[in-house]
Amino acid sequence: MALNSTLTRHENETTFHPVVLVVVPILALILQVYVPHLFPHFVLLDLPLLVVIYFGITLRGQVAGTMAGMLIGLVQDAQTGHPIGVNGMAKSIIGYAAASIGIRIDVDNTISRMLLTAVFTLANSILIYIIERRLLGFDGQWLWLRETARILANALASVVVFWILDRLRRKG
Amino acid sequence: MESFFSRYKGLLVLGIVLLVQLIALATQIHRPTVTAGADARSDGHHVRVVRLAIAVVVAPVERALTGVGHGTRNLWRNYVYLRGVRQKNYDLQAEVDRMRLEQMSLLADARQGQRLQQLLGFRQQYLYKTVVAQVIGTSGSDQSRVILIDKGSNDGLKPDMPVITPDGIVGKIREVFPDSAQVLEMNDQTAGAGVILETTRIRGILRGNAAGQVQVIDLLPDDRIKPGERVLTSGGDQVYPRGLAVGDVESIALDRQHPPYIALTLRPAANLAQLEEVLVITETSGALSAPGVGSEAEMQRSMDTAAGALPTVDSATGTTTRSATALHPDRFTPGTVPPASSMRPGEPKPESH
C-alpha cells in the first residue's frame with residue numbers, strides 16, 4: 001500500500017532517543033569531511049542530506065524537519081570555503097519538504113525511499129545552484145553527468161543508511 | 001487568527017528561517033574585503049566565529065581519526081605485511097649499489113654546479129621557511145575545494161600563506177584556527193593565482209572551475225601555446241613565490257564565457273585529489289626567483305627592452321629622441337622614409353620593407 005492516512009501516522013508515531021538525534025547528524029557531518037580525504041569519490045555522497053531526509057520523513061514534523069535541515073546545513077557550510085547559509089537554506093527546504101511528504105507517503109518502502117532520496121538530491125543540487133549562481137554570483141556550471149552520479153550514489157546509499165537508522169528508532 | 005498560525009506553523013517557520021539565512025548571506029556578500037594581491041573572500045567577524053566553533057569541534061575528531069588510520073596502516077605495514085620482505089631486501093640492496101654509483105656521478109655534477117653558481121653570483125633561490133602539515137579533512141563537498149590541515153595560528157600560520165607539495169602548489173591558507181587551518185585549493189572556483197607559461201613567457205590568471213579543473217584564463221589565442229607546456233607561478237599575485245610548478249597544459253579551448261579569449265586546462269603538478277602532507281610557506285626571502293622565471297638574464301633582458309622603448313634626452317641639444325629600433329621595420333617606422341623636404345615630385349617611391 002503506497003499511501004498512508006494521517007490517522008495511521010498517529011498510530012505509528014516514530015521517536016528517537018535524544019542521543020541518537022544529536023550523535024547521528026554529528027557522525028554524518030564528520031564522516032562527510034573525513035572520508036573524502038581517503039576516498040575522493042565519496043564526495044558524491046551527501047550523508048548529512050540523507051540524515052535530513054530520514055529525520056524529515058520519519059519524524060514527520062515540518063518545524064523539526066526545517067530546523068534539522070537548517071542546523072545540519074549551516075554546519076556543512078562552516079566547513080566549506082563558501083558563505084554560510086547556502087547549504088543551510090537548501091537543506092531547510094529539503095527538511096520541510098521531506099516532513100511534508102512523510103505525512104502522506106509510506107516511507108517504510110525501500111523503493112519509495114530511494115525515489116524520494118533521488119528527487120531530494122536533485123532538488124538540493126538545484127537549490128544550491130540557484131543560490132550560488134543567482135544570489136552569490138558564482139560562475140557555477142550545471143554538470144549533468146556529475147549530478148546523475150550524485151543522485152544514483154545517494155539513492156543507493158539511502159538503502160543502507162536508512163536501514164541502519166531504522167535500527168535506532170523506536171515506535172510509540 | 002490562532003488557527004491560521006497553528007495551521008501554517010511549519011510554513012511560517014520555514015519562511016522565517018529562509019529570511020534569516022538570506023539576510024546572513026547578504027551580509028557576507030557585502031562584508032568581505034579583498035586583501036591586496038589576493039582574491040580571498042575574507043569572512044566577517046561573526047562568520048569567522050561560526051567557522052572557528054565548528055573547527056574546534058571537528059578538527060580534534062578528524063585528527064584522531066587520521067591518527068587511528070595511520071596507526072592501522074603502520075601496523076599493517078610493519079607487522080602484518082611481511083610477505084616477500086627477503087626478496088625486497090635483495091632488490092633494495094641491488095638498488096642501493098646502483099644508486100651509490102649514480103650518486104658519485106651526481107656529486108661531481110653538483111660540485112661543478114656549485115662552482116658555476118658562485119661564479120655567476122646567483123642568489124640562493126629557495127630560502128623558504130616552511131611548516132609541514134598533515135591533511136586531516138576536506139570540506140565534504142565537491143562545490144568547495146577546501147582541505148583542513150592540522151596546523152594553525154599556534155604554529156605561525158596566517159591567512160594567504162601559500163601551501164605546496166614537493167610536486168607543485170596546492171593552494172593557500174583561507175582561515176586559520178588555533179590548531180587547524182582551512183586551505184583553499186587552487187581548483188576551487190573562488191581561488192586564483194598569477195601564472196606564467198614556462199617557454200612562451202605568456203602570463204595568465206589561474207582559476208578553478210565547477211568541475212574541479214584548474215584553468216588559465218584571460219589569454220588571447222596564440223599558436224605557440226601547445227599541450228604539455230609547463231605552467232609556473234609568476235609571483236604577480238604577491239601570494240605565491242615565483243617559479244613554483246603549477247601543472248602542465250592539458251588542453252586548449254575557447255573560453256565560452258569570455259570569447260575571444262582562450263582557456264587552458266591544466267594537469268596539476270600536485271595530486272590534489274589525495275594529499276597526505278603539505279608544506280606551508282611561512283616566510284620567503286626578499287627576492288624570490290627560480291630557474292626559468294626570475295633569472296638574472298631575464299631581468300636584464302626585460303630592463304633592456306624597457307629602456308629601449310623609452311625616449312631619451314640628448315644632453316647636448318636638449319632634444320628628446322627615441323633610441324628604439326624596430327625588430328621588423330616597415331614604411332611607417334621612423335627613420336626608414338626620407339623626410340618630405342628632400343623628396344621631389346615625380347620621383348619613384350622609396351622601397352618599402
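At a glance:
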item	result
Placed amide H near B:ALA193: partners under 5 Å, 5+ positions off or other chain	B:LEU206
Full-stretch length increase - B:VAL56, B:GLU276 - with 0.36 nm per residue and alpha-carbon distance subtracted	77.1 nm
Which of A:THR121, A:THR14, A:THR80, B:THR27 has the fewest Cβ neighbours within 10 Å, and the rest in rising order	B:THR27, A:THR14, A:THR80, A:THR121
Test item: B:6-19 mean partner chain Cβ contacts at 10 Å	5
For B:ILE136, distant residues with modelled amide H under 5 Å away	B:LEU148, B:ILE149, B:ASP150
With Cα atoms, 0 to 90° folded angle of helix A:47-59 axis to chain A main axis	30
Rounded, prolate or oblate (a/c below 1.5 giving rounded, otherwise prolate when a/b exceeds b/c) for region A:103-172 by Cα gyration tensor	prolate
C-alpha long axis of helix A:86-104 to longest principal axis of chain A, angle in °	20
Gain on full stretching of the segment that runs from B:GLN103 to B:VAL132 - 0.36 nm per residue minus C-alpha separation	7.7 nm
At R0 = 41 Å, FRET efficiency that the Cβ-Cβ distance of B:ALA94 and B:ALA211 yields, to 0.05	0.40
Partner chain coverage, peptide A:86-95 - average Cβ within 10 angstrom	4
Sequence of B:LYS172, B:LYS158 once ranked by neighbouring C-beta atoms within 10 Å, starting from the fewest	B:LYS158, B:LYS172
Computed FRET value (nearest 0.05) for B:ASP179 with A:ARG170, which takes r as the C-beta separation and R₀ as 45 Å	0.70
Sorted by Cβ density within 10 Å, fewest first, the residues B:ILE205, B:ILE149	B:ILE205, B:ILE149
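No lab work stands behind these numbers, since they all come straight from the coordinates. In this text the structure is predicted, and so the values were computed from the model without any measurement. Virtual Cβ from ideal backbone geometry, glycine too; neighbours counted across all protein chains shown.
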